[in-house]
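The values are calculated or read from the model by the stated rules, or taken from the named source; none is laboratory data. Everything quoted here is computed from the prediction, not taken from an experiment. A quick note on method: Cβ atoms are made from the backbone with ideal geometry, for glycine too, and the neighbour counts reach across all protein chains shown.
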Amino acid sequence: MDNYQPPQIENVRYVEVSKNTEDVKNEVRAAYSGVAEASNKNKCCGNSRSCCGVSAKPDDGYSKELGYSQEELDSVPEGSNMGLGCGNPQAIASLKEGEVVLDLGAGGGFDAFLAARKVGSNGKVYGVDMTPEMLSKARANAVKSGYHNVEFLLGEIEHLPLPNNTVDVIISNCVINLSTNKRAVFNEAFRVLKEGGRIAISDMVANKPLPAEMVKNEELYCNCISGAITIDELKKILSKSGFVNIAIEPQENSRMFIKDWVPGSDAENYVVSAKIKALKPKSRP
């Protein structure tokens, strides 16, 4: 598999944006940089009940709506949980002692630290994030709380800074929808996974194509709404990237908190959080 070449995908619609890809990426980076800086100062930034906002004090109630237990919330370093997400990938990852885990868009390290507890000292967790401020926060949290099996790397999820065939499990929480090149993200995920490896992701999917005015709305994009694609489109991308046993389970109850993300946007009628699972097949003997 070391000579793996990403497949080309035909006839798949990707999210259109009104600006070029780098402009969108810079806007997303700036938004989450602001969230990290506000969190470091115990200040609010944006709507705290959204995937792109933080409150001065963590909202455990919102985190529980996303699927986290109080025990999980109490177990991580202070400041790592900023309420950024749309679910709990830990609940579907079935992590085992000794596994190597990669968290795409690790933010302040919340999910990475939870994963580190499950894989133990014989396991390893990598967290990748493109926002230097988030990376600094995650690394400081790791040092402060003595996590020796976690490593945070600066990088983009479309260009992962890891070798081929090195990861057992990939987790992610409401991040891939922010990429304007989801094909590249899943090609890279497939590349770094070991044969038999799996993805366990919480992310946004669209129930139906989004109106042009929503797709072009910068606020809705950074709030994890207008970058969502339909389940059928996502399945097609995963399949073309090489994944099998693809399962995408929409979480209809997520409409309740999506409604709070950007009040009045009607987003809850277009997008929903989903549990996304798939496997990288083993080569035939």
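Observations, loosely collected:
- Being touching an Asp or Glu at 6+ places or on another chain (Cβ under 8 Å) and of a type in the set (Val, Ile, Thr) holds for only one residue in VAL128, VAL143, and it is VAL128.
- Condition check for ARG191: within 20 Å of ASP129 (Cβ to Cβ), out of contact with any helix residue (DSSP H, G or I) (no Cβ under 6 Å at 6 or more places or on another chain) and charged (D, E, K, R): yes
- Lone qualifier among GLU249, GLU188 - being at pLDDT 95 or above and touching a His at 6+ places or on another chain (Cβ under 9 Å): GLU188
- Any hit, the range 152-166, residues being closer than 18 Å to PHE186 by Cα, hydroxyl-bearing (Ser, Thr, Tyr) and crowded, with 24+ Cβ neighbours inside 10 Å: no
- Flag for SER136 being farther than 25 Å from ASN223 by Cα and out of contact with any Asp or Glu (no Cβ under 9 Å at 6 or more places or on another chain): no
- Of the residues making up the range 67-81, not a single one is in a helix (DSSP H, G or I) and modelled with pLDDT under 90.
- For the range 87-104, the condition of being part of a loop (DSSP other than H, G, I, E, B), modelled with pLDDT of 95 or more and acidic (Asp, Glu) holds for at least one residue.
- Extreme residue, surrounded by the fewest Cβ atoms within 10 Å (Cβ to Cβ), among residues of the range 169-199 that are of a type in the set (Lys, Arg) and outside any strand (DSSP E or B): ARG183
- Subset of the range 129-145 (residues that are in contact with a Gly (Cβ under 7 Å, 6 or more places away or on another chain) and of a type in the set (D, E, K, R)): ASP129, LYS137
- Every condition in (1) within 24 Å of CYS222 (Cα to Cα); (2) in a loop (DSSP other than H, G, I, E, B); (3) not basic (Lys, Arg) is met by ASN165 except one, and the failing one is (1).
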